[in-house]
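Q: Below is the structure I would like to discuss, written out as structure tokens.
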Amino acid sequence: MRAAIRLAAAAAVWSSPVAAQTIYDSNVRAAPQFVQYRLASPINETISEFTTPIFVVIPVSPTLNFDVGSAYAWARVSPNGSNTEATSSISGLTDTQVRANLAIGTDFIVLTAGVNLPTGRESATQAQQLAAFRIGSDFLAFPISNMGTGLGFTGGVALARPLGAWNLGVGASVRQSSAYEPLVASGGARVRFEPGNEYRARLGLDHAFGTGRVAFGVTYSKFGDDDLGGSIYNTGDRYVAQAGFNNSFGGARVLVNAWNLYRRSGLIFTGERTGPEDIANLLVGVGFMAPGGVLEPSVELRNWTQETLSASALATLGVRYAVESGGISITPSAGYTFGRFAAVGGNADLSGFRAALAMRWGL
């Protein structure tokens, strides 16, 4: 499901021309992050994750560019209070993604081809499975949601055109992945998992507004049936809607971003029906000029509703400081989170924090 959330950021396809780039504009991007959530009774767990993703962007020509990305991730789930379960942890390299983008006709048509190389930890032992499962939560939104999958291929096309004073973008893509073995049973046997194909369609609109822009987008993702050890299940189709706005007011830059993820009912591998769920998110940030950079405090609110549980909710108070000098960008950020997490035995108080250091520099 995290893939659907990431697609929300790309749901609006901009049609304005992009400045021509060459291989001399190649750059490296890295963002080490640490995230931790503490869930009180009745769950009594602390979930932590440290990641160091790194990406290299290589513009081969004004119309063709490549990007390559991978990461190291470490995750741990440790018990609190009366919880007596053993600590679970997993670590290692993640898969490597390689993507090529080809623009045709001054960015009016963009063709994309990608490959997922299975360089990550494909299988989780019984002792590692709890940590591997917990970081996949869409509500808590950990930076890395899985350690590794099988070989996969993605192909897509996007078209962008002016529509009066607006820019209209549409896109479609398909992803096909090979089988892999995500689980190791108690006897050492590995369970084979064959994912179904994933199909995506995107529609976006954007318009200049003052010194900034306003944008709207929607993404639909349809998933084929998955096969886990001979059992067929489907996690349900997903719909992601997004709206974004930024503009200058006085000496401040205001950013508002909202998204909503709705997942339809599906079937788990036992044949039982899973109910639908909905996650709504709102982020408001204000940027101020500060010595050497831009200081941006923010407030983020998130709500998660499920069919058989009460709603989960959280709020994050964050701040980041962006500095750029000599072709190097550095953006440290931190945030504190509080809220509640719905569980079968009742709502658990939730608290946590995150810290990150985003960096970008030219080659």
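The values are calculated or read from the model by the stated rules, or taken from the named source; none is laboratory data. Just so you know, these numbers come straight off a predicted model, no measurement behind them. As a convention, Cβ positions derive from the backbone with ideal geometry for all residues, glycine included, and neighbour counts pool all protein chains shown.
Q: Can you name the residue in the stretch 340-363 that is of a type in the set (D, E, K, R) and buried (at least 17 other Cβ atoms within 10 Å of the Cβ) and, of all such residues, is modelled with the lowest pLDDT?
A: Per the criteria, the residue is R360.
Q: While we're here: Can you tell me which residue among L64, L39 is at pLDDT 95 or above and not acidic (D, E)? Please lay out each step first, then the result.
A: Numbers: L64 fails: at pLDDT 95 or above.
Sole residue among the options that is at pLDDT 95 or above and not acidic (D, E): L39.
Q: Going by the conditions given, is A100 among the hydrophobic types (A, V, I, L, M, F, W, C), within 26 Å of A322 (Cβ to Cβ) and at pLDDT 95 or above?
A: So A100 does not fit the description; no.
Q: Every residue in the stretch 302-339 that is buried (at least 18 other Cβ atoms within 10 Å of the Cβ) and over 17 Å from L255 (Cβ atoms), please.
A: Selection gives W304, S312, A313, L314, T337, G339.
Q: Check R121, R76, R161 and return the single one that is over 24 Å from D225 (Cα atoms), of a type in the set (K, R) and touching a Leu at 6+ places or on another chain (Cβ under 9 Å).
A: Testing whether each residue is over 24 Å from D225 (Cα atoms), of a type in the set (K, R) and touching a Leu at 6+ places or on another chain (Cβ under 9 Å) leaves just R161.
Q: Another question, then. So which of L283, L267 is closer than 18 Å to Y233 by Cβ and among the aliphatic types (A, V, I, L, M)?
A: On inspection, the qualifying residue turns out to be L267.
Q: Further, regarding this structure: Among the residues of the stretch 140-153, are any among the aromatic types (F, W, Y) and more than 30 Å from G92 (Cα to Cα)?
A: no
Q: With the structure loaded, tell me whether A280 is surrounded by fewer than 18 Cβ atoms within 10 Å (Cβ to Cβ), under 23 Å from A241 (Cα atoms) and among the aliphatic types (A, V, I, L, M) or whether it fails that test.
A: Criteria met by A280.
Q: Do you know which of the residues in the stretch 184-218 that are more than 24 Å from D237 (Cα to Cα), touching a Ser or Thr at 6+ places or on another chain (Cβ under 7 Å) and in contact (Cβ under 8 Å) with a residue 60 or more places away in the chain is surrounded by the most Cβ atoms within 10 Å (Cβ to Cβ)?
A: The extreme case among them is V184.
Q: Would you call S82 more than 17 Å from the chain's Cα centre (by Cα), farther than 27 Å from W259 by Cα and assigned to a strand (DSSP E or B)?
A: no
Q: Quickly run through the stretch 226-274 and pick out the residues that are within 25 Å of N303 (Cβ to Cβ) and small (G, A, S).
A: Passing the criteria: G236, A241, A243, G244, A258, S265, G266.
Q: Can you tell me which residue within the stretch 313-350, out of those that are of a type outside the set (A, V, I, L, M, F, W, C) and under 14 Å from P42 (Cα atoms), is nearest to the chain's Cα centre (by Cα)?
A: Of everything passing the filter in the stretch 313-350, R340 is nearest to the chain's Cα centre (by Cα).
Q: Only one of these is surrounded by fewer than 19 Cβ atoms within 10 Å (Cβ to Cβ), hydroxyl-bearing (S, T, Y) and touching a Lys or Arg at 6+ places or on another chain (Cβ under 8 Å): T119, T112, T84, T63. Name it.
A: Values: T119 fails: touching a Lys or Arg at 6+ places or on another chain (Cβ under 8 Å); T84 fails: touching a Lys or Arg at 6+ places or on another chain (Cβ under 8 Å); T63 fails: touching a Lys or Arg at 6+ places or on another chain (Cβ under 8 Å).
Just one listed residue meets the conditions, T112.
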